[in-house]
Amino acid sequence: MFTSTKEIITYCREEKISFPTMVLKEEVEKFETDPQVILNNLSRMIDVMEESTKNYLDQPSNLGLGTINGFAHKLMSYQGKDSLVGDDLIQGMAMAFSTFETNSSMGRIVAAPTAGSSGILPAALMYVQKKENLSRDQILDGLLVSIGIGQIIGYYATFAGAEGGCQAECGSAAAMAAGSLVYLKGGSLEEVFEAASIALINVLGLVCDPIAGLVEYPCTFRNASGLMNALISADLALAGTKSIVPFEEVVQAMKEVGDAMVESLRETGTGGLAGTKTGSQLRKEFFKKNNVSID
């Protein structure tokens, strides 16, 4: 496995292969299997992603904590009402919400890379597929690009909010999505990694502070904003803006920042928003309702 963007770019150019082809080749070698087996598995993941982005668009969700009920449906109902970002992006955020609400209702999702950030990449892929009228094979390539980006993050850092805060979850997902979007828009491999860098830079230091320790609030908003982060980071890279710090070094910085975070801001459900007066009260009420002692 290559551990620097420079190595990846050089290898792909010398071998005259695309980044998705390189990632698939590495997966085949790692698991000692046929490439079609991997592609079939990825295709099933895309099916699950597509389904999860639609589950709660036409019907409101009813979830355990009750803090994010029906958010996807509310956004879909907001279409056509002169929004600031336009109906396409409203639907994109609704798809991120829908996947997140599917996760919170114990439905089937693809943790890409985690359950807490599961709405970002599916919404990004479904958004760009519709906008650009892309084929299934193109979306498969986009997913492979996200895997390649994720491998670098996994090598140098973590995806766990309990270790690195929400920067490691929603930040990583946004970086993976941003790189995929650039690739699917025909950007260069350099621009793919620029977009991933920008997306991660945008949320460096983001804490993980879910109320009652449940992956609902404020995580749902970070999935919607994570999609928007991926989209603007992709456009920034495609426009020619650059991060002077290479992607793998941005990831290493994320790891350093995560290690420096106090424990209460790393998915314990006791700090940040979870530790507010309202957050603490909701936590007590939820556990009391479920006959769980927190004394």
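With each label modelled as a point 7 angstrom along the Cα→C-beta vector, the Met45-Ala111 pair spans 1.3 nm. Cross-link partners of Lys16 among lysines, defined as those whose alpha carbon lies under 19 angstrom from its own and excluding same-chain residues fewer than eight positions apart: Lys6, Lys25. The C-alpha atoms of the chain define a longest principal axis, and helix 189-202 lies at about 20 degrees to it. A quarter of the convex hull surface defined by the alpha-carbon atoms of the stretch 153-295 gives 9.0 nm² as the mean projection. How much length, in nm to one decimal, is gained on full extension between Leu204 and Ser188, taken as 0.36 nm per residue of separation minus their Cα-Cα distance? Taking 0.36 nm per residue and subtracting the Cα distance, the gain is 3.3 nm.
Counting only Cα atoms, the stretch 36-83 measures 44, 31, 14 Å along its principal axes, largest extent leading.
Please give the per residue volume of the convex hull enclosing the alpha carbon atoms of the stretch 65-126, rounded to a whole number of Å³.
Considering the Cα atoms of the stretch 65-126, their hull volume per residue is 84 Å³.
For Thr3, project a label point 7 Å along Cα to C-beta. Then give me every residue of the stretch 146-160 with its amide nitrogen under 20 Å of that point. Hits in the stretch 146-160 for Thr3 at 20 Å: 147-160. Within straight-line reach of Lys130, meaning a Cα separation under 27 Å, sit the following lysines at least 8 residues removed in sequence or on another chain: Lys54, Lys74, Lys81, Lys185.
The trypsin sites (Lys or Arg not before Pro) of the stretch 1-94 meeting both criteria, a DSSP state outside H, G, I, E and B (loop) and at most 11 other C-beta atoms within 10 angstrom of the site's C-beta, are Lys16, Lys81.
Cysteines in the chain that lack a partner Cβ within the 4.7 Å cut-off: Cys12, Cys170, Cys219.
What's the local net charge at Thr53, with K and R +1, D and E -1, over the other residues with C-beta under 13 Å away? Residues close to Thr53 contribute a combined charge of -2.
Hey, what's the Kirkwood Rh for the stretch 87-154 if you take every pair of different alpha carbons, in angstrom?
12.5 Å
Cα gyration tensor of the stretch 227-295, axes a ≥ b ≥ c as square roots of the eigenvalues: rounded (a/c below 1.5), prolate (a/b > b/c) or oblate? Since a/c reaches 1.5 and a/b is larger than b/c, the shape of the stretch 227-295 is classed as prolate. For chymotrypsin sites (Phe, Trp or Tyr not before Pro), no site in the stretch 134-205 is both called loop by DSSP and has at most 13 other Cβ atoms within 10 Å.
Counting charges near Pro113 (Lys, Arg +1; Asp, Glu -1) among other residues having Cβ under 15 Å from its Cβ returns a value of -1.
Across the alpha-carbon atoms of the chain, the computed radius of gyration and Dmax are 18.9, 61 angstrom. Using the Cβ-Cβ distance between Ala239 and Ser280 with R0 set to 41 Å, the FRET efficiency from 1/(1 + (r/R0)^6) comes to roughly 0.40.
At a 10 Å Cβ-Cβ cut-off, how would you order Cys219, Cys12, fewest neighbours first?
Details: Cys219 29, Cys12 17.
Final ranking by Cβ density, sparse to dense: Cys12, Cys219.
Paramagnetic label reach from Ala260 (point 7 Å along Cα→Cβ; backbone nitrogen cut-off under 20 Å): within the stretch 194-208, residues 197-208. Straight-line cross-link reach from Lys288 at under 18 Å between alpha-carbon atoms covers these lysines, not counting any fewer than eight positions away in the same chain: Lys277.
Could you estimate the translational diffusion coefficient of the stretch 130-222 from the Stokes-Einstein equation, with Rh from the Kirkwood formula over C-alpha pairs, at 4 °C and 1.567 mPa s, in whole µm²/s? In µm²/s, the coefficient rounds to 93. Extending 7 Å from the Cα toward the beta-carbon at both Ser135 and Tyr78 defines two label points whose distance is 3.6 nm. Think of the stretch 237-283 as a dipole: +1 on every Lys or Arg Cβ, -1 on every Asp or Glu Cβ, centred on the Cα centre; then among Gly279, Val251, Ala237, Gly279 lies furthest on the positive end.
Bear in mind these aren't lab numbers, they're just calculated from the coordinates by the rules spelled out. Since the model is a prediction, treat every value here as computed from it, not as a measurement. Note that each Cβ is placed from the backbone with ideal geometry, even for glycine, and that neighbours are counted across all protein chains shown.
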